[in-house]
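Peer 1: Quick one: structure below, then a few questions.
Quick note: the coordinates plus some simple rules give every number you see, no bench work behind them. Please read all numbers here as calculations on a predicted model, not as lab measurements. Glycine also receives a Cβ, built like all others from the backbone with ideal geometry; neighbour counts cover every protein chain displayed.
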Amino acid sequence: MSSWHSAVIGIGPSMPGVVSLQTLMVFVAASVVLVAVPGPNHIYITARSLAEGRRAGIASALGVETGTLVHIAVAAAGLSYLIATSAVAFRVVKYVGAAYLIYLGIRTLLDRGHRQTGGAPRRRNLRRVYIEGVVVNLFNPKVILFFLAFLPQFVDPGTGNVPVQIVLLGLVLLVIGVASDLLYAVGVGSAGDWMRPQLQRYQRYLSGAVYVGLGVMTALVDSGHRRS
């Protein structure tokens, strides 16, 4: 076993561990359970996949998880804590995210070109879909609180290298999240191929309502900290 691998999982004979093997196994199990529960990201990806097909769903999933990479870096730098404990910063992030989701919803509801004949999904610029996924996740206050409340439970300051521990655990969570999001994107996108003709008349209303609903949910998120 290499010295690097021993150091990472915390079983090296002479080097302080970064993350113990037991901690890593518990973290993976807890992450799988948490990620398996449908949340705002899953709802967003589902709406995209159902309305615009597998490719758009996959692009949105990759965008969402790119946003997760940024959250990992921010958490490692300690900024998630500052945002979550600062009334002004937390509210700015929360309301910008809510406003963007509501904007997406209104744009979808007003998009009269959203409907196509033959039940085929309307093809959008995948780069734009990807970027929207990034933005949606970046300004999701629940993700910030998730990294603030969940990850620290598995970090051991006594072993040192706290930022490295956060990055390592965050990357494990990222891999699990990518797998889950892609399953949603491909599964819902495939189901949408035969559901779309039946839902075509209501498709933009359904998608728009989902985005607006997510925006309202985001606006109602509270950090759980008392503020003066």
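Peer 1: Could you tell me the extents of segment 29-219's C-alpha atoms along the three principal axes, largest first, rounded to whole Å?
Peer 2: Result for segment 29-219: principal-axis Cα extents of 62, 34, 25 Å.
Peer 1: May I pose another question? Taking the Cα centre as origin and putting +1 on Lys and Arg beta-carbons and -1 on Asp and Glu beta-carbons, what dipole magnitude results for segment 29-219, to the nearest 20 debye?
Peer 2: Charge dipole, segment 29-219, about its Cα centre: 940 debye, nearest 20.
Peer 1: Tell me, what HN-Hα J-couplings in whole Hz come from the Karplus equation 6.51 cos²θ - 1.76 cosθ + 1.60 at θ = phi - 60° for each residue of segment 170-179, using x for Gly and Pro?
Peer 2: The phi angles translate into x, 5, 4, 4, 4, 4, 5, x, 4, 4 Hz.
Peer 1: Next question. Where the centre of each part is set by its Cα atoms, how far does segment 19-93 sit from segment 173-192, in angstrom?
Peer 2: Cα centres, segment 19-93 to segment 173-192: 13 Å.
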